[in-house]
1. Take region A:204-219 and flag every residue that is under 10 Å from residue A:188 (Cβ atoms), surrounded by fewer than 24 Cβ atoms within 10 Å (Cβ to Cβ) and either of a type in the set (A, V, I, L, M, F, W, C) or in contact with a strand residue (DSSP E or B) (Cβ under 8 Å, 6 or more places away or on another chain) (or both).
2. Specify the residue that is nearest to residue A:125 (Cα to Cα); the eligible residues are those in region A:250-275 that are under 24 Å from the mean Cα position of the chain (by Cα) and within 11 Å of another protein chain (Cβ to nearest Cβ).
3. Would a scan of region A:216-238 turn up a residue that is away from every other protein chain (no Cβ under 14 Å) and in a helix (DSSP H, G or I)?
4. Between A:294, A:263, which is open to solvent by 30 Å² or more (accessible area, probe 1.4 Å), out of contact with any Phe, Trp or Tyr (no Cβ under 6 Å at 6 or more places or on another chain) and part of a loop (DSSP other than H, G, I, E, B)?
5. Please state which one of A:83, A:65, A:30, A:75 is of a type outside the set (Phe, Trp, Tyr), in contact with a Pro (Cβ under 8 Å, 6 or more places away or on another chain) and without any contact (Cβ under 8 Å) to a residue 60 or more places away in the chain.
6. Listed residues A:161, A:166, A:156; which is buried (at least 24 other Cβ atoms within 10 Å of the Cβ) and under 25 Å from residue A:258 (Cβ atoms)?
7. Taking the conditions exactly as written (surrounded by fewer than 19 Cβ atoms within 10 Å (Cβ to Cβ), in contact with a helix residue (DSSP H, G or I) (Cβ under 8 Å, 6 or more places away or on another chain), on the phi < 0 side of the Ramachandran plot and of a type outside the set (Lys, Arg)), does residue A:272 satisfy them or not?
There are 2 protein chains.
Amino acid sequence: MASLVGGIEAGGTKFVCAVGTGPDDIRAESRFPTTDPDETLLQAIAFFREQQMHHGPIRALGIASFGPVDPHPDSPRFGYITSTPKPGWKDTDFGARISRELGLPLGFDTDVNVAALGEARWGAAQGLDTFLYLTVGTGIGGGGLVNGRMMHGLIHPEMGHVRIPHDRDEDPYPGRCPFHDDCLEGLACGPAIEERWKTPARELPPDHPAWVLEAKYLALALVNYVCTFSPQRMILGGGVMEQLQLFPMIRQQVQQLLNGYVQSPALLERIDEYIVPPGLGNRAGVLGAIALAQDQA
Amino acid sequence: MASLVGGIEAGGTKFVCAVGTGPDDIRAESRFPTTDPDETLLQAIAFFREQQMHHGPIRALGIASFGPVDPHPDSPRFGYITSTPKPGWKDTDFGARISRELGLPLGFDTDVNVAALGEARWGAAQGLDTFLYLTVGTGIGGGGLVNGRMMHGLIHPEMGHVRIPHDRDEDPYPGRCPFHDDCLEGLACGPAIEERWKTPARELPPDHPAWVLEAKYLALALVNYVCTFSPQRMILGGGVMEQLQLFPMIRQQVQQLLNGYVQSPALLERIDEYIVPPGLGNRAGVLGAIALAQDQA
């Protein structure tokens, strides 16, 4: 039987803490805003201590964190949030501190890598060893599994910051990334849509030209991910991707851009199953954190 | 002691076959042009049979192949060259046939993945588990290791075909990729340099503006690879990269494009050791094939 574990989806805006053994057995959950590190951490610790009193021992903790983070277990800064611009959180001993105070083994990784793990365990990536999980919302971030393990390398992917072709005649919007102006995130995150069209993204009707442009930018990035690491599936989540009309437009543009070059039935014939929403919906992060904790228990 | 094995660097232009145990112990080597599959394969088979008579049993065979290929050992088409435009070679049972006729266990992968393996074993990527090997020549191809294993996924990477920003005011050259026009390969392979500047690349002087543009395109692609899979090092080989003046220009442009976003000393302080030529020079392919064979022996 799966162990009782704790999971945290640690976002820049809110924390979601849960205790359970899997998607069908979440015993308790708590959501609260991300304030300063001390207050936020104490709130998370208090939640897990209380759950331990009610439900018995928790075996391990998994954290899906906003970043950048240090996800390397053998690093002295494992479990840290590193160079984030979020006030108060830069170079914060976050995961290691919670795990120390609770006395629990820790799994700690980026929000997107952990969401990918959740999708691999219980969602749209079951049975795959190499796939992409991309979130498109306030920012754009990507992670996934390659050869069955989460993507780390030098640090971890920062897929939102790839450069893509930007036709300034078609789209004079300069982009809003403070580091790169018109990288993917700068052009296609939710706030960029709002700034470009002077309307919050969720208020734009499904047939608005905003979505055609959005699909184009996302398709350009997806094609680059396909060429770079050959994912077996691409899972797109996040607030912007709740605009489901984007999926068929993105699929069509990905096929058009690849132009038959990558000869795989997954791309040529079954693209509806290749570019998909998360099987766990907006629960991929917190459930991934539970899956990550299970791996430490 | 390492076993005596055979390696083939199977290029679209020439084959290099070698027998040995490693870089310091190559017992014999043969080079011949790539003609039609039957003739080329028979020549390779004859070479290895002759070497077995002289040097004793060969334990396994490793092949670094031009592609696209099927590199999945559990696939019925493992060892095939699949959708190549090279006349006569499309859907060719290549690796499996040689290994069958010689009665040897087979390691078979893309030229760049195998070159990466050679660099990991004996070259510039020793001790790394996640890195890029990119070749820039007649075409552009990339591979590498992620989490210690060669990059496969859906098929294998096709890194030359990423889309990058192309400023047509600065560079009106339309690109020459038959599938994508101005993808990276279309803009930056050796023949694109020649076609754009009406001069063979190797005849352009080191201070020609061609190299500034070339460095820019390669830097844009490298930045995307960094953001996508976070390599611990990027090794650039192939004929175009013999223009060593490109390295400092590429490094400078990569730093400028990332603009401090990826906070790693490897990028911020030690980029001279981060973007490097192959440690094995133009021997990475054939030596990688020997390394791959060792893994099967």
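1. A:213, A:215
2. A:274
3. Checking region A:216-238: not a single residue is away from every other protein chain (no Cβ under 14 Å) and in a helix (DSSP H, G or I).
4. Values: A:294 fails: part of a loop (DSSP other than H, G, I, E, B).
The match here is A:263.
5. Details: A:65 fails: in contact with a Pro (Cβ under 8 Å, 6 or more places away or on another chain); A:30 fails: in contact with a Pro (Cβ under 8 Å, 6 or more places away or on another chain); A:75 fails: in contact with a Pro (Cβ under 8 Å, 6 or more places away or on another chain).
The conditions single out A:83.
6. Going through A:161, A:166, A:156 in turn, just one is buried (at least 24 other Cβ atoms within 10 Å of the Cβ) and under 25 Å from residue A:258 (Cβ atoms): A:161.
7. Numbers: surrounded by fewer than 19 Cβ atoms within 10 Å (Cβ to Cβ): yes; in contact with a helix residue (DSSP H, G or I) (Cβ under 8 Å, 6 or more places away or on another chain): yes; on the phi < 0 side of the Ramachandran plot: yes; of a type outside the set (Lys, Arg): yes.
Criteria met by residue A:272.
The values are calculated or read from the model by the stated rules, or taken from the named source; none is laboratory data. Everything numeric here is computed off the predicted structure, so don't read it as measured data. Positions of Cβ are backbone-derived with ideal geometry, glycine not excepted, and every protein chain shown enters the neighbour counts. Accessible surface is based on the protein model in full, side chains and every heavy atom, while ligands, DNA and RNA are left aside. Shrake-Rupley method; radii C 1.70, N 1.55, O 1.52, S 1.80 Å.
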